[in-house]
Number of protein chains: 2
Amino acid sequence: MIESGRPPVEAMTNPRADRVRDVAKLVGRSGRLKRRQFLAEGPQSVREALKAHSECLAAGGSPVVEALYATVECLKRYPELLEAASTPGTRLQVRIASEMVLSAMTDTVTPQGVVAVCNFVDVPLDAVLASKPKLIAMLCQVRDPGNAGTVLRAADAAGADAVIFSHSSVDIYNPKAVRATAGSLFHLPVVLGADVAEVVAAAKAAGVGVLAADGYGHLNLDLLQDESAARAFDQQIPDSSYALEDPTLWLFGNEAQGLAGEEKALADHRVAVPVYGEAESLNLGTAATVCLYASARAQRRAG
Amino acid sequence: MIESGRPPVEAMTNPRADRVRDVAKLVGRSGRLKRRQFLAEGPQSVREALKAHSECLAAGGSPVVEALYATVECLKRYPELLEAASTPGTRLQVRIASEMVLSAMTDTVTPQGVVAVCNFVDVPLDAVLASKPKLIAMLCQVRDPGNAGTVLRAADAAGADAVIFSHSSVDIYNPKAVRATAGSLFHLPVVLGADVAEVVAAAKAAGVGVLAADGYGHLNLDLLQDESAARAFDQQIPDSSYALEDPTLWLFGNEAQGLAGEEKALADHRVAVPVYGEAESLNLGTAATVCLYASARAQRRAG
């Protein structure tokens, strides 16, 4: 549909067209829930969506990407997008659209030239626990889409096996959250709408330890890390309260209040990232990253 | 000025008053530079500003807070603010203002009931290096106020001795940046408008090693951490490329492009936070936190 040198014939230019309004409905939660679809915007997110799409189809699964809209300029600048969409197994048609049309489809002032309509990618909790996970992050009552996306991205970087969102958390399919994941939403299994107590019970039954990230926690993350390193170096150490190298589910709470009392009570231990300066605490994204990397480091050293 | 039970006589209620407009000018960079003042909003920031203010006065320094505006409701809810402002050594008058007035003074839709006009708190580079620092964070060409504030807060939590911003970075006195620091702007020395090459040269001359945070760096942060732990446990280890327990200046780059080539070239080493999953990278705030905590942990273990 894109030809060298001149714009293709079928370019969508009317921002008020039915199809455009239809895509734009996915900016809102009710529109997403109705169709079980969401939007991935910008070259990075769309590239990862297309990668997940072709991997999923190759494995006999269902399509991740349903439709792709892009400007001519974007496809020229990122030819790999067109290539990824056009491979025989992928069967995706790229619709050329104007900047105005893309802008009308999304909630961004400056769309980055490409939007993919994607099917929901979340999986059931059972599927995650059946895969013998070593590291899981669960977000409880997290409200800010940027924070949710940042933690998902950090969990991906730390090599976590899954991220779970409680039912009272922000919708990870919110366009702001999707953007903040920088493509990580398509990298690892995500469970949505989960009940904290059920997740904790299921994790414990599957042999996964449960740690609550809590600024006032009785265990110090840096001490746990030192104990873990000491074990790796065959040092005699007193007695370890929790071995970070063991399979672990981390619970992270709301950005303002942290975890609720009853959520903390469900965990095996409450663990604090030590604060060495005068700051009252770390913010959610940075605290979660430090916790997840501590586990990742210990698990990789051990295993 | 606040009396129990009824609103005080002198409450400011006109959002168009000259004094209100005068304060509102500090929302913009030119207004801030002209008066060398900025705004701290909300109970947490103002509490830390008042603490810094009284400590500074007690040490014979100049005032940090110049004026304080608050709603009656806020002072009732946070009586410690009124108390901190009213101690004999502090000499601050709290002006009661309506929500509308506070809203007109700031750029927030829902002001949190209290605003302090503060004098610039940044210090010269020489003062930082003369204090024998062990851990410094420098942000080079960081553009987003939220990111700048998040890294400052993380540096404070990690017990860093100072944070330095390059001249091309976002203004840390921007209200969004101040909010993201969550009070940390008043906790540790901040240097503004610095030249990266000059800072690196001065740091090296002061015996401080320089590490560039770089996703493609030749050193792996987790290996450096393991080497540091091994030294602490008196293990025989091959040869260490850099001892994290040594005094260190970390360079962090722009959120989209990272550090520029010439900035990386200035550092002793380029260090990557390892990515164990499929994520392309961590975002600036989370990467900086992992790096700073790695140094903090090593230095505390050693010291």
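Couple of notes before you dig in:
- Taking θ as phi - 60° and the Karplus parameters 6.51, -1.76 and 1.60, the scalar couplings of the stretch B:73-81 work out to 4, 5, 5, 6, 6, 10, x, 5, 5 Hz in sequence order, x denoting glycine and proline.
- Theoretical FRET efficiency, 1/(1+(r/R0)^6), r = Cβ-Cβ of A:Glu83 and A:Ser62, R0 22 Å, to 0.05: 0.50
- Total lysine pairs in chain B at Cα distances under 29 Å, for residues eight or more apart or on different chains: 18.
- Here the protein assembly as shown is treated as an ellipsoid with the same Cα gyration tensor; its semi-axes, largest first and in whole Å, are 40, 33, 26.
- Using a Förster distance of 45 Å, the FRET efficiency for A:Val123-B:Ala243 (Cβ separation, nearest 0.05): 0.55
- Here the sum of -39500 (n - 2.57) over DSSP H runs of 4 or more residues, divided by the residues of chain B, equals -12000 deg cm²/dmol at 222 nm, to the nearest 500.
- Amide H contacts of B:Glu66 (H built 1.01 Å from N, in plane; Pro and chain starts excluded): B:Val117, B:Cys118, B:Asn119 sit under 5 Å, all sequence-distant by 5 or more or on other chains.
- Where labels lie 7 Å past Cα in the beta-carbon direction, separation of B:Leu223 and A:Ala17 in nm: 5.3
- Charged side chains reduced to their Cβ positions (Lys and Arg at +1, Asp and Glu at -1) give the protein assembly as shown a dipole of some 1620 debye around its Cα centre.
- The stretch A:165-208 and the stretch B:92-127 have their alpha-carbon centroids 38 Å apart.
- Residues in the stretch B:103-145 reached by a label modelled at B:Leu33 [backbone nitrogen below 20 Å; 7 Å Cα→Cβ]: B:118-125, B:139-145
- Projected label points at A:Ala201 and B:Met100, each 7 Å from Cα along the beta carbon direction, are separated by 5.4 nanometres.
Read-outs throughout are calculated quantities, based only on the coordinates presented, and are distinct from any laboratory measurement. All of these numbers come straight from a predicted model, not from anything done at the bench. All Cβ positions, even for glycine, are placed from backbone atoms using ideal geometry, and neighbour counts span all protein chains on display.
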